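Peer 1: My questions will all concern the structure given below.
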Amino acid sequence: MSNPFNDLPACAGCGKCCHLVVELASPGDDVPEEYVIERFGVRFMDQRGNGACAALDAATQLCAIYERRPQVCRDFARGAALCHRAVRSRAGILAAVT
Ligand code: SF4
Ligand code: SF4
């Protein structure tokens, strides 16, 4: 039986899933406002030009707001299909998330 964690790097220093679009739950998520943007009444984690979440530390590739990270980030499953897709993507940027 294959191990879904084979071929994955350590999460520390990977950060590829932190290049996905993160919609915030409201009410529920309580992230610092400087990392939030709103589009058409929907709140998201802001992203840099390379798609990285604004709260992703560029040097360490670790979450700078780990204790206050959104629920969707807490629920993201290492080893799941989307994790593997993110790791395989050239820059962690996925053209389409289905
Ligand atoms: S893409 Fe997968 S291996 Fe990389 S940080 Fe996210 S959960 Fe960890
Ligand atoms: S809030 Fe933290 S865990 Fe969530 S995408 Fe941004 S950097 Fe990654």
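The values are calculated or read from the model by the stated rules, or taken from the named source; none is laboratory data. These numbers come from a predicted model, not from an experiment. Cβ placement follows ideal geometry from the backbone for every residue including glycine, while neighbour counts extend to all protein chains displayed.
Peer 1: Note down all Cβ pairs under 8 Å where the first residue falls in the stretch 32-56 and is without any contact (Cβ under 8 Å) to a residue 40 or more places away in the chain and within 25 Å of Cys14 (Cβ to Cβ), the second is basic (Lys, Arg) and in a loop (DSSP other than H, G, I, E, B), and they're at least six residues apart or on different chains.
Peer 2: That search, which allows pairs on different chains as well, returns Ala54/Arg48; Ala55/Arg69.
Peer 1: Residues being within 16 Å of Cys17 (Cβ to Cβ), modelled with pLDDT under 95 and over 11 Å from the mean Cα position of the chain (by Cα): count how many of those fall in the stretch 58-76.
Peer 2: Going through the stretch 58-76 one residue at a time, the tally reaches 2.
Peer 1: Looking at the stretch 23-43, is at least one residue assigned to a loop (DSSP other than H, G, I, E, B), at pLDDT 95 or above, under 21 Å from Ser89 (Cβ atoms) and not polar (S, T, N, Q)?
Peer 2: no
Peer 1: Just to be sure, is Ala81 at pLDDT 90 or above, on the phi < 0 side of the Ramachandran plot and loosely packed, with under 10 Cβ neighbours inside 10 Å?
Peer 2: So Ala81 fits the description; yes.
Peer 1: I would also like to ask the following. Can you tell me how many residues in the stretch 57-92 are within 15 Å of Pro9 (Cβ to Cβ) and of a type in the set (Ser, Thr, Tyr)?
Peer 2: Here the count works out to 2.
Peer 1: Please verify whether the stretch 45-52 includes one or more residues that are within 9 Å of ligand 1 (Cβ to nearest atom) and out of contact with any helix residue (DSSP H, G or I) (no Cβ under 6 Å at 6 or more places or on another chain).
Peer 2: Going through the stretch 45-52, the residues within 9 Å of ligand 1 (Cβ to nearest atom) turn out to be none.
No, the stretch 45-52 contains no residue that is within 9 Å of ligand 1 (Cβ to nearest atom) and out of contact with any helix residue (DSSP H, G or I) (no Cβ under 6 Å at 6 or more places or on another chain).
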